[in-house]
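Comments concern the structure below.
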Amino acid sequence: MASIYSCAECNTNLNLQTINLFPSDFYFEAGNKGTLSFAVIDESKFKLQKEDKIRPFFETVNYWGIQRKRIKMKCNRCGYLLGYVYDDGPPLTSTTGQFHMGPSQVIPRDPRFRFKTKALKITTET
């Protein structure tokens, strides 16, 4: 049984594959409350807009930063904000980062496409 993920605003099929969905108990540094995270998306269905804010934010429990860079994902048809792209996906390498300081922005990571559950309309196809 597959799920169909559509924009909650205009009901456009976003072509998201359930096989690319991260498990709900998978830990991410930027959190996952009230969201669904995918490893891969069909970028033709989205407008990707860079966001660069200068303000304090917590990246992990023990690390905070001043400059947050992320990418907004909007529906290509109606422009509704669906979520954000973060760079805290699975590590591309098996190292512990520069100076062995643990997980931080030093370790190159895959992107994670994080959708707000309120922005998606999920239906199941039988």
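The values are calculated or read from the model by the stated rules, or taken from the named source; none is laboratory data. Computed from a predicted structure; not experimentally measured. In this analysis, Cβ positions are derived from the backbone assuming ideal geometry, glycine residues included, and neighbour counts consider all displayed protein chains. Calculation scope for accessible area: heavy atoms of the full protein, side chains included, ligands and nucleic acids excluded. Shrake-Rupley method; radii C 1.70, N 1.55, O 1.52, S 1.80 Å.
Descriptive notes on the structure:
- Restricting 79, 83 to those that are surrounded by fewer than 18 Cβ atoms within 10 Å (Cβ to Cβ), at pLDDT 75 or above and closer than 15 Å to residue 116 by Cα reduces the list to 79.
- If the condition is being surrounded by 13 or more Cβ atoms within 10 Å (Cβ to Cβ) and touching a residue at least 60 places away in the same chain (Cβ under 8 Å), then region 17-39 contributes 22, 28, 29, 30, 32, 35, 36, 37, 38, 39.
- If you go through region 1-34 and keep only what is of a type in the set (S, T, N, Q) and in contact with a Phe, Trp or Tyr (Cβ under 6 Å, 6 or more places away or on another chain), you end up with just 20.
- Residue within region 49-63 that is at pLDDT 90 or above, within 16 Å of the chain's Cα centre (by Cα), at negative phi and open to solvent by less than 50 Å² (accessible area, probe 1.4 Å) present: no
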